[in-house]
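Colleague: Take a look at the following structure, please.
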Amino acid sequence: QVRLVESGGGLVQAGGSLRLSCAASGSIFSINVMGWYRQAPGKQRELVAHITSGGSTNYVDSVKGRFTISRDNAKNTVYLQMNSLKPEDTAVYYCNADILRFGLSAYNDYWGQGTQVTVSS
């Protein structure tokens, strides 16, 4: 069984920083893309950033220059360093990973439980 466990959320003042972590564990053979999504109350979930197994990254325009996604393949862990936080960054942040399990022939999507990020003005 595969699970993703997130940590690092919290309450921070505008202009501050947080670092989110997400560790995947279980019968993992390979992980392709890993990413971070967020969902604010009453709004659609949106992709914040993703990173390929080779290290290529993409970001939503609103976080470019402020957030950095990275991963440690040996630890099956993805990170999101968030700097210069704004109140509009307030949301539940979810980790996502495309994972191939031992014994299977296709990748599947897995999600973390979500972690709350609140930015006060």
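Colleague: Only residues that are open to solvent by less than 60 Å² (accessible area, probe 1.4 Å) and hydroxyl-bearing (Ser, Thr, Tyr): list them for the stretch 63-78, please.
Modeller: Within the stretch 63-78, 70, 77 meet the criteria.
Colleague: Limited to the stretch 37-62, what total is found for residues that are loosely packed, with under 12 Cβ neighbours inside 10 Å and within 18 Å of residue 114 (Cβ to Cβ)?
Modeller: As a first pass, look at the stretch 37-62 and keep what is loosely packed, with under 12 Cβ neighbours inside 10 Å: 41-44, 54-56, 61.
This time we only want the ones that are within 18 Å of residue 114 (Cβ to Cβ), so: 41-44.
Going through the stretch 37-62 one residue at a time, the tally reaches 4.
Colleague: Would you call residue 6 at negative phi and open to solvent by less than 60 Å² (accessible area, probe 1.4 Å)?
Modeller: Spelling it out, residue 6 is indeed at negative phi and open to solvent by less than 60 Å² (accessible area, probe 1.4 Å).
Colleague: If a residue must be surrounded by 19 or more Cβ atoms within 10 Å (Cβ to Cβ) and either free of Cβ contacts under 8 Å to residues at least 60 places away in the same chain or within 29 Å of residue 27 (Cβ to Cβ) (or both), how many such residues does the stretch 97-121 contain?
Modeller: Summing the residues that are surrounded by 19 or more Cβ atoms within 10 Å (Cβ to Cβ) and either free of Cβ contacts under 8 Å to residues at least 60 places away in the same chain or within 29 Å of residue 27 (Cβ to Cβ) (or both) in the stretch 97-121 gives 5.
Colleague: Still on this structure, I have one more. Any idea which residue in the stretch 59-96 is farthest from residue 11 (Cα to Cα), counting only those that are in contact (Cβ under 8 Å) with a residue 60 or more places away in the chain and among the hydroxyl-bearing types (Ser, Thr, Tyr)?
Modeller: Ranking the qualifying residues of the stretch 59-96, first place goes to 79.
Colleague: What are the residues in the stretch 63-93 that are among the polar types (S, T, N, Q) and closer than 16 Å to residue 114 by Cβ, if any?
Modeller: Residue satisfying the conditions is 90 alone.
Colleague: Could you grab the pairs with beta carbons closer than 7 Å, sequence gap of 6+ or different chains, first residue in the stretch 31-58 and farther than 10 Å from residue 94 by Cβ, second one open to solvent by 70 Å² or more (accessible area, probe 1.4 Å) and part of a strand (DSSP E or B)?
Modeller: Pairs found: 49/58; 50/58.
Colleague: Take residue 23 and decide whether it is more than 17 Å from residue 3 (Cα to Cα), in contact (Cβ under 8 Å) with a residue 12 or more places away in the chain and small (Gly, Ala, Ser).
Modeller: Here the answer is no, as residue 23 does not meet what is asked.
Colleague: For the subset of the stretch 9-36 comprising residues that are polar (S, T, N, Q) and not in a loop (DSSP other than H, G, I, E, B), which member is surrounded by the most Cβ atoms within 10 Å (Cβ to Cβ)?
Modeller: In the first step, residues of the stretch 9-36 are kept if they are polar (S, T, N, Q); the result is 13, 17, 21, 25, 27, 30, 32.
Imposing the further condition that a residue be not in a loop (DSSP other than H, G, I, E, B) reduces the set to 13, 21, 25, 30, 32.
Working: 13: 10, 21: 17, 25: 13, 30: 12, 32: 12.
Per the stated criteria, the residue is 21.
The values are calculated or read from the model by the stated rules, or taken from the named source; none is laboratory data. Since the structure is predicted, the reported quantities are computational estimates derived from the model, not experimental observations. Glycine gets a Cβ as well: all are built from the backbone with ideal geometry, and neighbour counts include every protein chain shown. Ligands, DNA and RNA are excluded from the accessible area calculation, which covers all protein heavy atoms including side chains. Shrake-Rupley method; radii C 1.70, N 1.55, O 1.52, S 1.80 Å.
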